[in-house]
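The values are calculated or read from the model by the stated rules, or taken from the named source; none is laboratory data. Model, not experiment: these values are computed from the prediction. Cβ coordinates were reconstructed from backbone atoms using ideal geometry, including for glycine residues, and neighbour counts include every protein chain displayed.
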Amino acid sequence: MDESARGRAQEVAAGFTETASDYEGAVKYNLDGIKRLIAGLPDGEFPELLDVGCGTGWSALTFIARYGSRKVIGVDPASGMLDVFRGHAEKFDDVEVELIQADVMDMPVPPESVDAVICTMAMHWFPDKAGAVREMAARLRPGGLLAVLAGGEGVENEYRELMEGIKPPVPAHWPALYDTAPTSERQMLGFLEEAGLDPVDIWIERRFRQTPVDDFLERMRVVASHLSQDIDSEELEAHQARIRDAMLAKAGPRGFEYHFSKLYAVARKPA
Ligand SMILES: C[S@@+](CC[C@H](N)C(=O)[O-])C[C@H]1O[C@@H](n2cnc3c(N)ncnc32)[C@H](O)[C@@H]1O
């Protein structure tokens, strides 16, 4: 990883550490996406699991509830998220939990050492997505399973367009965040094949949501706080107020309307 990518990754991790205690409340809808990913996986035996960008441990919990794994390694660079995960440890009955503060590109996890790797709602933060899939694939034993849940194309275009139309403009890197997020089915297929995996299933789920404006903005604060780290607090409040006013003006009786898509991918390492 080059120095600028490392710097960006550290900023993202610092943002997640700052907001870790609010994370689960702010993204509660996402839990359902994780359940759908885990429910969509093939039957099998996966005693040892690696959860990359594990955050507070939701995905690992859901995976273990289905497969009864006996060991989970959680990797995440945000110490605050790992602290919340550690607090959930009692929910991991009889499971050995190892939490490692590290970047996906730098995981101190031996090659071919786990039976399954999961990575949910984290890939859009990885500067090198293809490299990240290679790193995850390398940790799988032959026959092991990779399961990914990522943002799909066209995520929250309505919010992006609203930000781009605000005058005076909000910081350009706020709407530009969405440039790095989308991952198409074809692109994901390329990542999997390039990492030596056999694709099992790739699907996109497109959803239409109406969310109260303040709930939407709270989620953005929690998952993207690093985008505001260098902005003076008065200026930040002014930007946020303009965005909120524009959203309220556009919102219907059930809230701000937007489309959201999730990309699911399942692949196997050849036995
Ligand atoms: C939206 S949270 C998802 C957490 C959890 N997987 C879930 O589904 O609830 C994204 C997580 O990715 C982690 N992350 C961001 N950049 C990362 C990187 N370069 N390597 C590994 N994890 C990263 C963040 O620290 C954060 O905990």
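Scan the range 62-93 for residues that are surrounded by fewer than 21 Cβ atoms within 10 Å (Cβ to Cβ) and within 10 Å of the ligand (Cβ to nearest atom) and the total you get is 4.
Do the conditions hold for Thr17, that is, is it near the ligand (Cβ under 9 Å from one of its atoms), in a loop (DSSP other than H, G, I, E, B) and out of contact with any Cys (no Cβ under 7 Å at 6 or more places or on another chain)?
Here the answer is no, as Thr17 does not meet what is asked.
Of all residues in the range 20-55, those that are modelled with pLDDT of 95 or more and assigned to a loop (DSSP other than H, G, I, E, B) total 11. Output the qualifying pairs, or none if there are none: Cβ atoms under 6 angstrom, residues six or more apart or on different chains, first residue in the range 217-235 and of a type in the set (S, T, N, Q), second residue crowded, with 19+ Cβ neighbours inside 10 Å. From the range 217-235, the pairs are Ser225/Gly15; Ser225/Thr19.
Scanning the range 151-158 finds no residues that are within 15 Å of the ligand (Cβ to nearest atom), touching an Asp or Glu at 6+ places or on another chain (Cβ under 6 Å) and not acidic (Asp, Glu).
Evaluate the range 236-251: report whether one residue or more is free of Cβ contacts under 8 Å to residues at least 12 places away in the same chain and closer than 27 Å to Gln10 by Cβ. Scanning the range 236-251, I find at least one residue that is free of Cβ contacts under 8 Å to residues at least 12 places away in the same chain and closer than 27 Å to Gln10 by Cβ, so the answer is yes. For the range 167-196, a residue qualifies if it is part of a loop (DSSP other than H, G, I, E, B) and at pLDDT 95 or above, and the qualifying residues are Ala195, Gly196. Part of a helix (DSSP H, G or I) and either among the hydroxyl-bearing types (Ser, Thr, Tyr) or in contact with a helix residue (DSSP H, G or I) (Cβ under 7 Å, 6 or more places away or on another chain) (or both): does that describe Ala241? The answer is no for Ala241.
From the list Ala60, Ala13, which residue is at pLDDT 95 or above and closer than 21 Å to Phe126 by Cα?
Of the residues listed, the single one that is at pLDDT 95 or above and closer than 21 Å to Phe126 by Cα is Ala60.
For the range 95-116, filtering for residues that are more than 20 Å from Thr62 (Cβ to Cβ) and either part of a loop (DSSP other than H, G, I, E, B) or in contact with a His (Cβ under 7 Å, 6 or more places away or on another chain) (or both) leaves 10. Does Glu96 count as more than 9 Å from the ligand (Cβ to nearest atom), under 26 Å from Pro142 (Cβ atoms), touching a residue at least 40 places away in the same chain (Cβ under 8 Å) and among the acidic types (Asp, Glu)? So Glu96 fails the test.
Only a single criterion out of (1) over 19 Å from Arg6 (Cα atoms); (2) of a type outside the set (Lys, Arg); (3) assigned to a helix (DSSP H, G or I) is not satisfied by Val133, namely (1).
Picking from residues in the range 108-121 that are surrounded by 18 or more Cβ atoms within 10 Å (Cβ to Cβ) and modelled with pLDDT of 95 or more, the one that is farthest from Gly15 (Cα to Cα) is Asp115.
Rundown of residues vs (1) more than 8 Å from the ligand (Cβ to nearest atom); (2) over 24 Å from Ala267 (Cβ atoms); (3) touching a residue at least 24 places away in the same chain (Cβ under 8 Å), yes/no style:
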{"residue": "Asp32", "(1), (2), (3)": "yes, no, no"}
{"residue": "Glu48", "(1), (2), (3)": "yes, no, yes"}
{"residue": "Gly55", "(1), (2), (3)": "no, no, yes"}
{"residue": "Ser59", "(1), (2), (3)": "no, no, yes"}
